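These notes are about the structure you will find just below.
The values are calculated or read from the model by the stated rules, or taken from the named source; none is laboratory data. Quick caveat: nothing in here was measured; it's all calculated off a predicted structure. Cβ placement follows ideal geometry from the backbone for every residue including glycine, while neighbour counts extend to all protein chains displayed. Just so you know, the surface numbers come from the protein's heavy atoms only, side chains and all, with ligands and any DNA or RNA stripped out. Shrake-Rupley method; radii C 1.70, N 1.55, O 1.52, S 1.80 Å.
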Amino acid sequence: MNKTPDTKNFLLKISSLITCLVLLCTVVPFTTHAQNTISSDIVILYENDVHCAVEGYSKLLALKNELKEENEYVGVVSMGDFVQGDTLGAISKGEYIINMMNMVEYDAIGLGNHEFDYKLQRLFELSDSLNTKPVCSNFYKSGESTPVFEPYIIKSYGDIDIAYIGVTTPDTLTSSSPVQFMDENGKYIYNFSGDNLYATVQKAIDSAEAAGAEYIVGLAHLGTEDVYEQWSTPTLIKNTSGFDVVLDGHSHSIVEGMTVKDKTGNDVTVSSTGTKFANIGKLTISEDKITTELIPTDTYTQTDAGIDEYIIKIKEEYSKLGDRIIGKSEYDLLYADANGNRLVRNTETNLGDFCADAFRVVTGADIGVINGGGIRAGLKKGDITFNDIFSIFPFNNTVCVAEVTGQQILDFLELSVCAYPDENGSFQHVSGLTYTLNAYIPSPVKLDSNMAFESIDGERRVTDVKILNSKTGEYEAIKTTKNYTIASHNYLLLDHGSGATMFDNAKIISNNGMLDAELLEVYINEHLNGVVGKEYEASQNRVTVVTEEQIETLPEGTTPNADTSEKSPHTGDNRAYVCMFVATSILVSIFSIYAYYRKAKE
């Protein structure tokens, strides 16, 4: 029997099998090697202005652990403003946040201005609790040659040393509670190097380089927009040399990556993540380049089980207090516009009116005021919980009443609008008071080196100031020498926050320890019968803003109209629309007649 075909097939099968085995032996080792390749790039995740958005820490740690599977060196840094901004931070005075940051294990932590909100002693306690101590190169106590905190920290990633230098905005001296930085005589004994910021930071850069750092990364809480220009991150870079990267906070800007040239012409990369974990930043340092990118947290779904469990635990601890319903609102009280742009720092809103009214009505003062920077969230239509009002006033400020003169009020109002139309945390919402803001007049306010009120030099922007007479219900012209009572919080009246030094010698007639959030609860329940109603449907036009354009169009000898409401295209004076309609009708008629006669002629 002929077996040749079967033998041939057998040999072909054996040959194919051998070939497959050879290929497998060559491919498998290569594939296994590729899967085990670990990048030697240095990856640094970063965040800024978290303001107690604690769920982000869970995603941050999950991302860190994920990246460690592919990268040998993965770190995490912060640029500040983490302990304040919501009830969770306020109730624990930062402790809950610190515990979560320790779980994430940061490489370096910068300080924001709001880290000082619970006062210095509490900041020192929180710093001691942090596994990674915060850095700040420009916070000094008078008479001492070294800063209060370490100016920088150097971390090693293999053979590469990176220095992280902390820089906190000098505006903290007045935007936080100024009294904590003073001695018993009211003299500043702490400073944030406002007069010599560039030289102070340059000293830290030079020191870090001398210590062997190959890369210098700034952890800045300065901002890139809507901040004091001389203390902004771009200005700092332009006046120093040595930074490779500056990761920034404070202005809540979303900056994936921009380049600013330093003092010697070298490019410095700047990045910022926004606020409340809108993004997680990712800095990558490789042999030939530095890159930054932002990872939106709403698209990143992984979380860390340990932090998730801790968040559930702490929320259970204070939920009974925070979720308690204290009333309801029939309208949305606005903190920002539909696009998320903050309104309360340069615009009168119904929310600002509501808060200012609470100070005046509950205390019985002549005037109530609240700075826009002190309002941190809006109020939605529907049930109002204690969490809601704590989100509006998260600073644990206490309610105060002071006696001041009409002249002090006039100076205070000028300070309030000195930056208008730009955003300014010291823009005041008022109750029991009305005034006109002549925006076309440059601000006459002179500030000292600490950005505190010094004097008025020039024509005033604020005119026609009137105070409500509670007995008659009428507004009367303010008298400069008359005494009035003004209600606000300790930040303004005791600590002279926002640079309100005109109240230095004001007589404090009430300071009973009531929290500002508690004040809102009392106002809603005892004065509004549990309902924020029709009176807060819109702002009440207590501030009349007059622009240069309005002045130019006024007939000679007339005065500005006090109506500040913004008319829609279909309200107000319709003469222009009537004229347009008539003109259009005439033209149509002419063309119709012309067409008729032309056709008849043909």
Quick one: in the stretch 225-253, which of the residues that are within 30 Å of LEU447 (Cα to Cα) and among the aliphatic types (A, V, I, L, M) is farthest from the chain's Cα centre (by Cα)?
ILE237
PHE116 - would you say it is at pLDDT below 95 and in contact with a strand residue (DSSP E or B) (Cβ under 9 Å, 6 or more places away or on another chain)?
yes
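Restricting to the stretch 479-506, name every residue that is more than 23 Å from LEU173 (Cα to Cα) and surrounded by fewer than 21 Cβ atoms within 10 Å (Cβ to Cβ).
Filtering the stretch 479-506 for residues more than 23 Å from LEU173 (Cα to Cα) gives 479-486.
Scanning the stretch 479-506 gives LYS479, THR480, THR481, LYS482, ASN483, TYR484, THR485.
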Only strands (runs of 3 or more DSSP E) wholly contained in the stretch 451-508 count here; list those with 3 or more residues that are farther than 30 Å from VAL227 by Cβ and in contact (Cβ under 8 Å) with a residue 60 or more places away in the chain.
462-468, 483-489
Condition check for THR259: surrounded by fewer than 15 Cβ atoms within 10 Å (Cβ to Cβ), under 20 Å from ILE165 (Cα atoms), among the polar types (S, T, N, Q) and at pLDDT 95 or above:
yes
Just checking, how many residues over the stretch 117-151 are assigned to a loop (DSSP other than H, G, I, E, B), charged (D, E, K, R) and open to solvent by 70 Å² or more (accessible area, probe 1.4 Å)?
2
Meets criteria (open to solvent by 50 Å² or more (accessible area, probe 1.4 Å), more than 23 Å from the chain's Cα centre (by Cα) and of a type in the set (Lys, Arg)) for LYS276
no
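Condition check ((1) open to solvent by less than 50 Å² (accessible area, probe 1.4 Å); (2) out of contact with any strand residue (DSSP E or B) (no Cβ under 6 Å at 6 or more places or on another chain); (3) of a type in the set (Lys, Arg); (4) closer than 21 Å to GLY352 by Cβ) across all residues:
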position	(1), (2), (3), (4)
THR436	yes, no, no, yes
ARG460	no, yes, yes, no
LYS466	no, no, yes, yes
ASN469	yes, no, no, no
TYR475	no, no, no, yes
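Just the residues that are polar (S, T, N, Q) and in contact with a Lys or Arg (Cβ under 9 Å, 6 or more places away or on another chain), please, taken from the stretch 314-335.
Once the filter is applied, which keeps residues that are polar (S, T, N, Q) and in contact with a Lys or Arg (Cβ under 9 Å, 6 or more places away or on another chain), the stretch 314-335 yields only SER329.
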With the condition kept exactly as written, say whether any residue in the stretch 72-84 is modelled with pLDDT under 95, on the phi < 0 side of the Ramachandran plot and within 19 Å of the chain's Cα centre (by Cα).
yes
Do we have ILE165 as closer than 24 Å to SER271 by Cβ, β-branched (Val, Ile, Thr) and over 24 Å from the mean Cα position of the chain (by Cα) here?
no
TYR73 passes all but one of the listed conditions (1) farther than 23 Å from LYS155 by Cα; (2) surrounded by fewer than 24 Cβ atoms within 10 Å (Cβ to Cβ); the exception is number (1)
Out of VAL545, VAL522, report the one residue that is touching a residue at least 24 places away in the same chain (Cβ under 8 Å) and either open to solvent by 40 Å² or more (accessible area, probe 1.4 Å) or of a type in the set (Gly, Ala, Ser) (or both).
VAL545
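Of everything in the stretch 81-95, what is part of a helix (DSSP H, G or I), crowded, with 21+ Cβ neighbours inside 10 Å and of a type outside the set (Ser, Thr, Tyr)? Give them in sequence order.
Across the stretch 81-95, the qualifying residues are LEU88, GLY89, ALA90.
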Going by what's in this entry, would SER431 be described as at pLDDT 95 or above and out of contact with any strand residue (DSSP E or B) (no Cβ under 9 Å at 6 or more places or on another chain)?
no
Mind checking which residues of the stretch 444-454 are small (Gly, Ala, Ser) and open to solvent by 40 Å² or more (accessible area, probe 1.4 Å)?
SER449
So is PHE386 modelled with pLDDT under 95, closer than 30 Å to SER470 by Cβ and within 26 Å of the chain's Cα centre (by Cα) or not?
yes
Of all residues making up the stretch 96-116, the number that are part of a loop (DSSP other than H, G, I, E, B) and touching a Pro at 6+ places or on another chain (Cβ under 7 Å):
1
Pick from the stretch 331-346 the residues that are within 17 Å of the chain's Cα centre (by Cα) and touching a residue at least 40 places away in the same chain (Cβ under 8 Å): which of them is surrounded by the most Cβ atoms within 10 Å (Cβ to Cβ)?
VAL344
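Residues of the stretch 284-294 being open to solvent by 60 Å² or more (accessible area, probe 1.4 Å) and not in a strand (DSSP E or B), which ones?
Passing the criteria: GLU287, ASP288, LYS289.
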Members of the stretch 309-330 found to be surrounded by 13 or more Cβ atoms within 10 Å (Cβ to Cβ) and farther than 22 Å from GLY378 by Cβ, listed by number
TYR310, ILE311, ILE314, GLU317
Do we find a residue being modelled with pLDDT under 95, exposed (fewer than 10 other Cβ atoms within 10 Å of the Cβ) and part of a helix (DSSP H, G or I) anywhere in the stretch 34-56?
yes
